[in-house]
Amino acid sequence: GESVGLHLPTLSVQEGDNSIINCAYSNSASDYFIWYKQESGKGPQFIIDIRSNMDKRQGQRVTVLLNKTVKHLSLQIAATQPGDSAVYFCAESEKTGANSKLTFGKGITLSVRP
Amino acid sequence: DAGITQSPRYKITETGRQVTLMCHQTWSHSYMFWYRQDLGHGLRLIYYSAAADITDKGEVPDGYVVSRSKTENFPLTLESATRSQTSVYFCATRVGAETQYFGPGTRLLVL
């Protein structure tokens with residue numbers, strides 16, 4: 001995940017534009033990845049996930065891309081809306097099944113300009 | 001976070017006091033987790049539980065105790081609260097092999 005110190009980096013986008021949020025991971029053995037959205041004062045909310053045997057997965061208005069060669073994950077949000085303003089963070093897991101634990105990045109703030 | 005409740009949602013306590021944070025799931029998921037979230041650190045795993053009466057340490061377990069007498073409940077106790085334990089605490093359950101769903105959080109301030 002991203003290393004950002006005390007302040008999260010911010011991505012500012014215009015309402016209606018597409019957003020791309022990036023995440024770098026370091027563990028080449030990670031085989032499962034997940035994106036969460038966290039609104040102010042709330043718990044993280046599952047958005048979309050992807051396994052390492054895929055390089056792209058689409059959901060409703062969101063797409064996750066995985067580039068294992070450079071250990072990079074991205075979340076694309078189409079037609080960004082004010083309700084998309086939140087902190088987004090990625091998580092990765094090396095093992096599936098019983099011993100699976102998620103390692104979380106620190107997050108990126110998405111700010112949508114009206 | 002539907003199906004996972006945490007209580008209290010906000011708590012102010014003093015150094016040295018014992019505090020218990022509650023987590024309840026309306027499902028019957030085997031795995032449950034406790035995280036703390038701090039600026040600059042993201043979510044860090046405190047303890048997790050694979051089933052009733054089975055618990056294990058995560059990344060930052062010191063100063064915390066957990067129990068799991070029933071599948072649906074996973075309380076987290078700070079035996080003697082310290083200022084460094086001021087944080088937002090999230091409980092989560094796991095659906096399937098990896099996907100975790102989170103509760104709304106408890107904001108704890110230790111004075």
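The values are calculated or read from the model by the stated rules, or taken from the named source; none is laboratory data. Keep in mind that what you see is a predicted model, and the values were worked out from it rather than measured. Glycine gets a Cβ as well: all are built from the backbone with ideal geometry, and neighbour counts include every protein chain shown.
When restricted to residues that are within 23 Å of A:Phe104 (Cβ to Cβ), among the small types (Gly, Ala, Ser) and modelled with pLDDT of 95 or more, region B:58-109 contains 6. Within region A:31-46, the set of residues being surrounded by fewer than 19 Cβ atoms within 10 Å (Cβ to Cβ) and on the phi < 0 side of the Ramachandran plot comprises A:Asp31, A:Glu39, A:Ser40, A:Lys42, A:Gln45, A:Phe46.
Look at (1) of a type outside the set (Val, Ile, Thr); (2) modelled with pLDDT under 95; (3) surrounded by fewer than 14 Cβ atoms within 10 Å (Cβ to Cβ) and you find that A:Lys56 fails only one, number (2).
In region A:56-114, what residues are part of a loop (DSSP other than H, G, I, E, B), away from chain B (no Cβ under 14 Å) and over 30 Å from B:Tyr47 (Cβ atoms)? Within region A:56-114, A:Gln60, A:Arg61, A:Lys68, A:Thr69, A:Val70, A:Ala78, A:Ala79, A:Thr80, A:Gln81, A:Ser85, A:Pro114 meet the criteria. Of the strands (runs of 3 or more DSSP E) lying entirely inside region B:1-59, those carrying at least 2 residues that are without any contact (Cβ under 8 Å) to a residue 24 or more places away in the chain and out of contact with any helix residue (DSSP H, G or I) (no Cβ under 9 Å at 6 or more places or on another chain) are B:42-51, B:54-57. Across region B:56-70, the qualifying residues are those that are farther than 25 Å from B:Thr15 by Cα and surrounded by fewer than 19 Cβ atoms within 10 Å (Cβ to Cβ), and the one among them that is nearest to the other protein chains (Cβ to nearest Cβ) is B:Asp56.
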